C-alpha cells in the first residue's frame with residue numbers, strides 16, 4: 001500500500017516507518033522539514049498537495065503534552081497541532097478521486113480524565129479536564145473521515161516505553177543513580193505499552209478490515225506508580241526510596257503536573273477481543289526487553 005504518516009519523524013512514527021517498509025509498503029511522511037534526508041525507502045513531503053492518492057493514513061502529529069507548563073498559549077499550540085493537522089487531512093481527502101481506505105488517528109488515554117483504580121475499557125465515559133477535552137476534540141475531528149467512506153480508528157495511547165525515547169528516557173538517569181522513586185503518593189495508575197506493541201497494534205488496525213472506532217493502545221495489565229518505580233529499580237539493581245512530593249511537581253509544572261499525579265487503569269478490551277496478541281503483556285517483560293536485564 002501507499003501510506004501517509006503524519007508525525008512520522010517522532011518516537012513512535014520512526015519505528016512505524018521501519019515496520020511498514022519491512023512489510024513492503026510505500027511510506028510517505030508529512031513533515032515541516034521536507035528538505036532533510038529521509039531514511040532509506042521513506043519519502044518526505046512538505047505539502048499534502050504534493051502527494052497523490054494513498055490507501056492508508058496514520059495521523060500521529062501533535063506537540064508533546066508533557067513538554068512544559070500549560071499556559072493558555074501552550075494549550076492552544078497543543079490543540080492546533082492536533083486539530084489543525086487532522087482538519088488539513090480531511091480537506092485533502094475530499095479533493096482525492098478516491099479517499100484512503102483507512103485512517104488510524106492518534107488520541108490518548110487522557111480521554112478518560114483522572115480516575116481511580118476502576119478498569120476502563122473503550123466504552124468508559126470521557127473526563128472533563130484539559131487533556132480529556134483535547135482528546136475528545138481530536139477524536140471527533142478524525143471520525144469525520146467516516147462520512148467520506150474511510151474506515152476510521154482512533155488509538156488512545158498510554159505511556160509508551162522503549163529505550164531511545166518517550167517517558168522512560170527521562171526516568172532512567174535518576175533511577176540508575178539510585179535517586180528514583182514514586183511521584184506523589186504513588187497510587188496513581190500508569191497504563192503503559194511497549195513501543196513494539198503499539199506499532200504492532202497500528203499495523204493490525206491498518207490490516208484488519210473490521211476494525212473501526214476507538215481502541216485503547218495500552219498493555220493488558222496496568223500498574224500503579226509505586227509498583228512501576230519498584231519494578232524499574234529492581235531491574236536496574238537500585239533502590240527506589242526517594243519520593244517526589246506532589247507539591248514540588250505542581251510548583252515545577254503547574255496544571256500539567258496532573259499528568260504525573262493522576263492516572264487511569266485502562267484495558268485494551270477491543271484489541272484483545274479482536275485477536276491482537278501482545279509481545280510484552282506485563283511491565284516486567286517489557287522492561288526486561290528494553291533494559292536487556294533479567295529480573296533480580
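Kindly provide the set of residues from the range 202-221 that are crowded, with 24+ Cβ neighbours inside 10 Å and either in a helix (DSSP H, G or I) or on the phi > 0 side of the Ramachandran plot (or both), ordered by number.
Those that are crowded, with 24+ Cβ neighbours inside 10 Å and either in a helix (DSSP H, G or I) or on the phi > 0 side of the Ramachandran plot (or both): 202, 205, 206.
Quick check on the range 184-201: of everything there that is more than 21 Å from the chain's Cα centre (by Cα) and over 17 Å from residue 113 (Cα atoms), which residue is surrounded by the most Cβ atoms within 10 Å (Cβ to Cβ)? First the steps, then the outcome.
The initial filter retains those residues of the range 184-201 that are more than 21 Å from the chain's Cα centre (by Cα), namely 184-187.
Checking the rest, the ones that are also over 17 Å from residue 113 (Cα atoms) come to 184-186.
On the way: 184: 20, 185: 13, 186: 18.
Checking each candidate, the answer is 184.
Checking residue 279 against (1) closer than 16 Å to residue 171 by Cβ; (2) under 21 Å from the mean Cα position of the chain (by Cα); (3) not in a helix (DSSP H, G or I), which single condition isn't satisfied?
It fails just one condition, (1).
What number of residues in the range 223-260 are without any contact (Cβ under 8 Å) to a residue 24 or more places away in the chain and more than 25 Å from the chain's Cα centre (by Cα)?
Summing the residues that are without any contact (Cβ under 8 Å) to a residue 24 or more places away in the chain and more than 25 Å from the chain's Cα centre (by Cα) in the range 223-260 gives 3.
Can you report the number of residues in the range 129-151 which are within 21 Å of residue 264 (Cα to Cα) and either touching a helix residue (DSSP H, G or I) at 6+ places or on another chain (Cβ under 8 Å) or modelled with pLDDT under 95 (or both)?
The qualifying residues number 10.
Looking only at residues that are surrounded by 19 or more Cβ atoms within 10 Å (Cβ to Cβ), over 20 Å from residue 173 (Cα atoms) and in contact with a helix residue (DSSP H, G or I) (Cβ under 8 Å, 6 or more places away or on another chain) in the range 222-256, which one is modelled with the highest pLDDT?
223
How many residues does the range 165-186 contain that are part of a loop (DSSP other than H, G, I, E, B) and without any contact (Cβ under 8 Å) to a residue 60 or more places away in the chain?
Qualifying residue count for the region: 1.
Tell me which residues, restricted to the range 11-34, are surrounded by fewer than 18 Cβ atoms within 10 Å (Cβ to Cβ), out of contact with any strand residue (DSSP E or B) (no Cβ under 8 Å at 6 or more places or on another chain) and over 19 Å from residue 92 (Cβ atoms).
Of everything in the range 11-34, those that are surrounded by fewer than 18 Cβ atoms within 10 Å (Cβ to Cβ), out of contact with any strand residue (DSSP E or B) (no Cβ under 8 Å at 6 or more places or on another chain) and over 19 Å from residue 92 (Cβ atoms) turn out to be 18, 19, 22, 23, 24.
Need a quick list: strands (runs of 3 or more DSSP E) entirely within the range 1-105 having at least 2 residues that are without any contact (Cβ under 8 Å) to a residue 40 or more places away in the chain, more than 15 Å from the chain's Cα centre (by Cα) and at negative phi.
Numbers: elements: 2-6, 26-30, 42-45, 56-59.
Because the criterion is at least 2 residues that are without any contact (Cβ under 8 Å) to a residue 40 or more places away in the chain, more than 15 Å from the chain's Cα centre (by Cα) and at negative phi, the strands (runs of 3 or more DSSP E) in the range 1-105 that meet it are 26-30, 42-45.
Could you list, in sequence order, all residues of the range 264-280 that are out of contact with any helix residue (DSSP H, G or I) (no Cβ under 7 Å at 6 or more places or on another chain) and crowded, with 16+ Cβ neighbours inside 10 Å?
Across the range 264-280, the qualifying residues are 265, 267, 268, 269, 270.
The values are calculated or read from the model by the stated rules, or taken from the named source; none is laboratory data. The shown structure was predicted, so the numbers you read here are calculated from the model rather than taken from an experiment. Cβ: placed from backbone, ideal geometry, glycine included. Neighbour counts: every protein chain shown.
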